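Input: a single structure, listed below in structure tokens.
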Amino acid sequence: MRKLLSFLFFSFTLFSFSQQKLWKGYFSFNEITDVCISEKKVHASTKNALFNKDILTNSLTTFTSVNDVKPDEVTAIIQTSNNHTLVGNKNGLIILIKPDGSTFNKVDIITDVPVPANNKRINDFYEYDGKVYVSTQYGISVIKLSNFEIESNFYIGSAGEFLDVLQTTVHNGEIFAVTRTQGIKKALLTNPFLYDFSQWSVFNSSFWISIATFNNQLVAMNTDGYTYKFVGTLPQQFSNQVSGGLKLRTDSVYLTISHQSQILVYNQSLSLVSIVYQIPDFPDSFTCAITKNDKLYIGTRKNGFFETTVINPTIFTNMSPNGPIEDYSFRVKKTTNDLWLTHGSFDRTYNPDMKLQGISVFNKNSGWTKIPSTELSGAVSLGAIVENPRNATDVFVCSGHDGLLRFTNKTDVQVYDETNNLESVGGFPGYISVRINGLKHDRDGGLWITNAFVNNGLKVLKSNNTWQSYNLSTVLQNTTNERYGNLDIDKNGTKWVATLSNGFYGFNENYSNKFIVVNEENGNLPSNDVRCVAVDNRNQLWIGTFKVLRILSSVDKFVTESELSTTNIVIQEGDLAQELFYQQVIQDIKVDGSNNKWVSIADAGVFQVSPNGQTTLRRFTKENSPLPSNNVFDIDIDEVTGEVFFATDKGLVSYLGTSTRGEDNLENVYAYPNPVRPGYSGTVKISGLMDKVNLKITDIEGNLVFETTSSGGTVEWDTTAFGKYKVASGVYMVFVTSSDAAETTVKKIMVVR
């Protein structure tokens, strides 16, 4: 693969302002993992991000992959006394967020601690006397606040082995550590040999979950469902609660005891002040809680972060930033007016996930709307989304288990299943599973779908709301066990369908129901497991398989020939020639307005390649861009704005691209930003163009500084004179002429240096 030009790469630790503006994040803030407080703020984390609320101004600040916070999975957070935020992860990564908002990834635990990779989870942070004690799966690490370096590691198992430490605290000059299997251990804090396990003694050998120092009193939560205070070495129970204990937190005024099904708050006399069993209208389990300034803050598993009063907690305010239902983003679709997101999943062989998920819909004016699973007739494994091209209020969502959902105005839902023209998996009496995956409208308004595990695996819902099915049993092998990827439709009306075990096939009902199957045996496919197909703007079919990429040079061959064969794309890398995406699992292919291809590779991020595939234009990974994960399930492109959406297992983000669809005329040409103000280092985009227009930019005296032919509907100008030097302040003229010279327009751009 040819390397990207250096200016297209993003630094892992430092993003320029202009680069950040190229990306947007669409994250969920519902699944709260931890909470902490500082002098002026309350902080909360999700698995993939964090946010804080200023107590005085009520302003919310978020930290996501777009501003370089890219966790593995957040498990603990702390705001230190010198206003730094430490974000702990399940893999041992600690993200340091500085007071100015910049970030730094501390990988000391990941790289330097001699512990198996799956035993480095960060369980808790505790600050005391200029140091942060990090409770981990292997023991305790100590970080100095002066430089945020790890000072030492304590392995405190009874024989010096790694030991899972859940939480620490300091009381009367001693450090106490709650361990998962060896009770509460303690040692003298001033002991210079704390790294020696023999310096630690067992304070209590019972099974404990959490520990804290509150009002000069040592308190701890036991696995038996009770919380105790210690009088000397003797525990005295003072709180009786249900099982499912989580953690103790204190702001020195109140002690908060978190359980999955209740939150209890005690005062300094250890008298119960309040108890919360449920947040009204949000039935959910709790994950964490803390108090500050007589307010109680509660994190939930799926409904976000809430604020209420410590005394008489009856009114609850949701503090979480608006976002989708969850970060796990499976399929995304930009419709005319909205952005639709499903959270389902299936495995490699399309077996559905049975979890109830719901659907998230974003509108730029009204924000996020959540369609809960209770309004979806219990449908699961929600996947592909399409908009009716003749009616923008008509949207279809497929289910890998429950058929096809049809939405009118995002509210009224009609379900197509085995009772009305679709078919269930056969061979299992009493078991109903209607497995739909591919969705695509044809030019007549018919919606074509794939129906797995049945002979009639291809169906169409016509524009008159009647159904027609096509039998594949004489075309494909073992149709009652066949499953399908996506489908696409070309200009001739040929349907191209990806299959799990038969390669892919083309079908066109207008040519006497003609089928052509392309597989390993007859079509030069490297694998019969075809994950996706995409027809490009030059009538080529791009085929993503479980092993590599293939191309059908012209979809028109389907009309005239009886057999089809695919070819590979060979690129030059240094002195070596190799296949494009060789031995790579291709999860999705999308074609943008300039006929470039956006290709998602399993666990390897996203590539943008040129129309012929010979040049890599961009590559985005978690390491060099705001992608929160390298596992990109789905890509979609806003043809009007060029925004490219990436649905990943850790959130939805978008890149503000420029490859937009060409317009039919030049009536809506515009340039932005305009004027170009001092300090702006990005490009100027001229949009609303027809495809293949000639575009020239001159200064006010007519001197040419830029010229190009558009590919799609947008052109970028870097505000230089043919890339040599930045142009001076002034007015610049943009002359646009269509390829047939029938249409012209002139625009102005003001540049201020």
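The values are calculated or read from the model by the stated rules, or taken from the named source; none is laboratory data. All of these numbers come straight from a predicted model, not from anything done at the bench. Here Cβ is always computed from backbone atoms with ideal geometry, including for glycine, and neighbour counts include all displayed protein chains. Ligands, DNA and RNA are stripped out before the accessible areas are found, and what is left, the full protein with its side chains, is counted by its heavy atoms. Shrake-Rupley method; radii C 1.70, N 1.55, O 1.52, S 1.80 Å.
Miscellaneous remarks
- Zone residues, the stretch 316-351, relative to residue 501, backbone N less than 18 Å from point 7 Å out along Cα-to-Cβ: 347-351
- Across the options 27, 80, 424, the greatest Cα extent toward the positive end of the charge dipole of the chain (unit charges at beta carbon of Lys, Arg, Asp, Glu) belongs to 80.
- Highest to lowest packing among 745-752, 311-318, 683-690, scored as the average C-beta count within 10 Å: 683-690, 745-752, 311-318
- Each residue of the stretch 662-668 is assigned a 3J(HN,Hα), and the resulting list reads x, 7, 7, 8, 10, 6, 10 Hz, derived from the Karplus form 6.51 cos²θ - 1.76 cosθ + 1.60 (θ = phi - 60°), x at Gly and Pro.
- Formal net charge of residues neighbouring residue 293 (Cβ-Cβ distance under 13 Å; K, R +1; D, E -1): 0
- When peptides 510-519, 283-292 are ranked by their average number of other Cβ atoms within 10 Å per residue, the highest-first order is 283-292, 510-519.
- Secondary-structure-derived ellipticity at 222 nm for the chain, considering helices only, amounts to -500 deg cm²/dmol, per-run term -39500 (n - 2.57) for DSSP H runs with n ≥ 4.
- Bridgeable lysines around residue 364 (alpha carbons under 16 Å apart, same-chain partners fewer than 8 residues away excluded): 24, 333, 334, 410.
- Formal net charge of residues neighbouring residue 670 (Cβ-Cβ distance under 13 Å; K, R +1; D, E -1): +1
- Listed by chain and number, the lysines whose alpha-carbon sits under 29 Å from that of residue 295, ignoring those within fewer than 8 places in the same chain, are 40, 41, 47, 53, 98, 131, 229, 247, 370.
- For a straight C-alpha distance cut-off of 15 angstrom, the aspartates and glutamates reachable from residue 144 (same-chain residues fewer than eight places away being disregarded) are 108, 127, 129.
- In the stretch 153-283, the portion of solvent-accessible area held by carbon and sulfur atoms comes to 51 percent [1.4 Å probe, whole percent, DNA, RNA and ligands not counted].
- The residues of the chain expose on average 41 square angstrom of accessible surface per residue, using a 1.4 Å probe on protein heavy atoms.
- About the centre of its Cα atoms, the chain shows a dipole size close to 980 debye [charges on the beta carbon of Lys, Arg (+1) and Asp, Glu (-1) only; nearest 20 debye].
- Segments 375-388, 695-708 sorted - mean Cβ within 10 Å per residue, highest first: 375-388, 695-708
- Cα-centre dipole for the stretch 439-497 with unit charges at Cβ (Lys and Arg positive, Asp and Glu negative), debye to 20: 80 debye
- Net charge in the neighbourhood of residue 494 (other residues with Cβ under 11 Å of its Cβ; Lys, Arg +1, Asp, Glu -1) is -1.
- Point-charge dipole on Cβ atoms (K/R +1, D/E -1) for the stretch 516-571, about Cα centre, debye to 20: 220 debye
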